[in-house]
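The values are calculated or read from the model by the stated rules, or taken from the named source; none is laboratory data. Computed from a predicted model, the values in this text were never measured in an experiment. For neighbour counting, all protein chains shown are included, and Cβ atoms are generated from backbone atoms with ideal geometry for every residue, glycine included.
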Ligand SMILES: [Zn+2]
């Protein structure tokens, strides 16, 4: 599995709303020339407890202060990032201030901005919820859904005539990629030209090619 496939696999396990922002985070970092790797997404309680034991009852360095249920990873609201260097190896040697800012702009809380336990690879979206609100709470999923709702991607609002035109176009087998001009009827075009002040009167038959040329030339658009 390559980097992109592994990222996709891990992001898929996150909360649906966080998935959207995780994809944006990855894409925007890639556009800046980084090769981000999602090293951790969703973490089970058992995995969290094993991690907590590290540096305490098991050998190794302490990597977390959270037991099972105490990390946003356990709820699919957090992801950790590493980066791929030129040799294809995992590295954390990047300009974290830039990386962190990209995440914060998208609405993530970034672990690198924390004061008590700095965790620079860590990004989470919790909608203001605290762990104690959801820990051992049967209603955790409902609470999470409520708090993340403002992050949901809003469907663009389309006026009725535009919706009708799109539906008609679809029935004719036209989609936005194949023939966009078919969405606009001569009447709509006529109306738009009128509103733009490029024609003085609206004719019921709608815009013709000849009148369009004249109007565009008059508006110095041709
Ligand atoms: Zn983390």
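Just checking, which of 69, 60, 88 is part of a loop (DSSP other than H, G, I, E, B), farther than 15 Å from residue 122 by Cβ and touching a helix residue (DSSP H, G or I) at 6+ places or on another chain (Cβ under 7 Å)?
On the way: 60 fails: touching a helix residue (DSSP H, G or I) at 6+ places or on another chain (Cβ under 7 Å); 88 fails: touching a helix residue (DSSP H, G or I) at 6+ places or on another chain (Cβ under 7 Å).
Exactly one residue qualifies, and that residue is 69.
Before we move on, is residue 51 within 16 Å of the ligand (Cβ to nearest atom), surrounded by 13 or more Cβ atoms within 10 Å (Cβ to Cβ) and under 20 Å from residue 153 (Cβ atoms)?
Numbers: within 16 Å of the ligand (Cβ to nearest atom): yes; surrounded by 13 or more Cβ atoms within 10 Å (Cβ to Cβ): yes; under 20 Å from residue 153 (Cβ atoms): no.
No, not satisfied.
Go through region 31-45 residue by residue and tally those that are under 22 Å from residue 112 (Cβ atoms) and part of a loop (DSSP other than H, G, I, E, B).
Our first condition is that a residue be under 22 Å from residue 112 (Cβ atoms); within region 31-45, this holds for 31-43.
Adding the requirement that they be part of a loop (DSSP other than H, G, I, E, B) leaves 32-35, 41-43.
Here the count works out to 7.
Condition check ((1) assigned to a loop (DSSP other than H, G, I, E, B); (2) exposed (fewer than 11 other Cβ atoms within 10 Å of the Cβ); (3) within 37 Å of the chain's Cα centre (by Cα); (4) modelled with pLDDT of 80 or more) across all residues:
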| residue | (1), (2), (3), (4) |
| --- | --- |
| 175 | yes, no, yes, no |
| 181 | no, yes, yes, no |
| 192 | no, no, yes, yes |
| 197 | yes, yes, no, yes |
| 206 | yes, no, no, yes |
| 216 | no, no, no, yes |
| 220 | yes, yes, no, no |
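Which condition number in (1) at pLDDT 95 or above; (2) in a loop (DSSP other than H, G, I, E, B); (3) out of contact with any helix residue (DSSP H, G or I) (no Cβ under 7 Å at 6 or more places or on another chain); (4) within 11 Å of the ligand (Cβ to nearest atom) is the one that residue 120 fails?
Failed condition: (3).
Only one of 28, 48 is over 25 Å from residue 140 (Cα atoms) and assigned to a helix (DSSP H, G or I); which?
Details: 48 fails: over 25 Å from residue 140 (Cα atoms).
After applying the criteria, what remains is 28.
Any residue in region 102-110 that is closer than 19 Å to residue 33 by Cα, without any contact (Cβ under 8 Å) to a residue 12 or more places away in the chain and not in a loop (DSSP other than H, G, I, E, B)? Give the derivation first.
Going through region 102-110, the residues closer than 19 Å to residue 33 by Cα turn out to be 102-106.
From what's left, without any contact (Cβ under 8 Å) to a residue 12 or more places away in the chain: 104-105.
Checking the rest, the ones that are also not in a loop (DSSP other than H, G, I, E, B) come to 104-105.
Checked region 102-110: at least one residue is closer than 19 Å to residue 33 by Cα, without any contact (Cβ under 8 Å) to a residue 12 or more places away in the chain and not in a loop (DSSP other than H, G, I, E, B).
Specify the residue that is farthest from residue 19 (Cα to Cα); the eligible residues are those in region 77-102 that are more than 12 Å from the ligand (Cβ to nearest atom) and surrounded by 15 or more Cβ atoms within 10 Å (Cβ to Cβ).
Checking each candidate, the answer is 94.
Which members of region 20-46 meet the condition of being out of contact with any strand residue (DSSP E or B) (no Cβ under 9 Å at 6 or more places or on another chain) and within 16 Å of the ligand (Cβ to nearest atom)? It would help to see each step written out before you state the result.
Initial filter on region 20-46 (out of contact with any strand residue (DSSP E or B) (no Cβ under 9 Å at 6 or more places or on another chain)): 20, 23-24, 27-28, 31-33, 44-46.
Hits for region 20-46 are 44, 45.
I need the full set of residues from region 13-28 which are more than 17 Å from residue 111 (Cα to Cα) and in contact (Cβ under 8 Å) with a residue 24 or more places away in the chain, in order please. Write out each step before concluding.
Pass one, region 13-28, residues more than 17 Å from residue 111 (Cα to Cα): 13-17, 19-20, 23-24, 27-28.
Passing the criteria: 13, 14, 15, 17, 20, 24, 28.
For region 135-172, name all the residues that are at pLDDT 75 or above and either assigned to a loop (DSSP other than H, G, I, E, B) or within 30 Å of residue 97 (Cβ to Cβ) (or both).
135, 136, 137, 138, 139, 144, 147, 148, 150, 151, 152, 172
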